[in-house]
Amino acid sequence: MSLSTAELDAIYLTLALAAITTVLLLILGTPLAWWLARQRAQWPALIEAIVAMPLILPPTVLGFYLLLLFAPDTALGRAWEGLTGSQLAFSFSALVIGSVIYSLPFVVQPLQAAFQRVPARLLDTAATLGASPLDQFRSVAAPLCRRSFVTAASLGFAHTVGEFGVVLMIGGNIPGETQVLSIALYDYVESLRFAEAHRLAAGLVVFSLVLLFALYRRDRRDSWRIRA
């Protein structure tokens, strides 16, 4: 059975959302993870807790407060409409912002853990040779953690593809604009169109399994290489 136009639109929107979100997550999450990994004080634990909140916070709670923040009568909503001429709530841009916040821990935590494993003596040696903190990151930490970047990007992408509660709250169900795959699947189930629902659900299951299998297979291979 061939995919309908609405399903193709949902696939395109989902992939576009996941790709844009992943790029933004790496841009924003990398310096944040590096900063957290380098802090020895206790108060940055509050920042870590805030970043990790989407892991345990119900998605609808986050989506609800983001919806209130994006409303046209708020400062952010008015500023956005003044700049773009369109409202922020129930738009693709809202999905991007919400997805970045919701998937942030899936990128920050793997990178932070990898940065914390970088031997301090290597960074100290680079510093004695005149390397600035940025040079230390680019020449020492980043090359050592390149595999963690792949893991973080993969998890951020996959998590964005599977989002439901947040995107439904702030994006609604607008075909061709905010109807991503998870929303299209929910729409099919509500309409008792189980054949179409099975098709989308099976595709998401296969995607998730293949991605996770690739990541775990790579980690096991690297682990055995280190032991050897």
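Things worth noting here:
- Test result for residue 76, at negative phi and either assigned to a loop (DSSP other than H, G, I, E, B) or touching a Leu at 6+ places or on another chain (Cβ under 8 Å) (or both): yes
- Contact map, segment 43-56: first residue basic (Lys, Arg), second residue outside any helix (DSSP H, G or I), Cβ cut-off under 7 Å, separation 6 or more or different chains; the map is empty.
- Filter result for residue 81 (under 27 Å from residue 155 (Cα atoms), in a helix (DSSP H, G or I) and of a type in the set (D, E, K, R)): no
- Residue tally, condition outside any helix (DSSP H, G or I) and in contact (Cβ under 8 Å) with a residue 24 or more places away in the chain, over segment 177-202: 4
- Residues that are of a type outside the set (A, V, I, L, M, F, W, C), under 26 Å from residue 158 (Cβ atoms) and touching a residue at least 12 places away in the same chain (Cβ under 8 Å), drawn from segment 57-78: 58, 59, 60, 63
- If you filter segment 5-42 down to residues that are without any contact (Cβ under 8 Å) to a residue 40 or more places away in the chain and polar (S, T, N, Q), you find that the one that is surrounded by the most Cβ atoms within 10 Å (Cβ to Cβ) is 39.
- Qualifying residue in segment 203-215 (condition: crowded, with 19+ Cβ neighbours inside 10 Å and either touching a helix residue (DSSP H, G or I) at 6+ places or on another chain (Cβ under 6 Å) or part of a helix (DSSP H, G or I) (or both)): no
- Verdict on residue 118 being over 26 Å from residue 4 (Cβ atoms) and among the β-branched types (Val, Ile, Thr): yes
- Hits in segment 34-62 - residues which are among the β-branched types (Val, Ile, Thr) and in a helix (DSSP H, G or I): 47, 50, 51, 60, 61
- Residue list for segment 101-145, restricted to those being in contact (Cβ under 8 Å) with a residue 24 or more places away in the chain, among the β-branched types (Val, Ile, Thr), in a helix (DSSP H, G or I) and farther than 13 Å from residue 30 by Cα: 101
Taken together, the values in this text are just the output of simple stated rules run on the coordinates, not laboratory data. Since we're looking at a predicted model, the values are computed, not measured. Note that we place each Cβ from the backbone using ideal geometry, even for glycine, and neighbour counts take in every protein chain shown.
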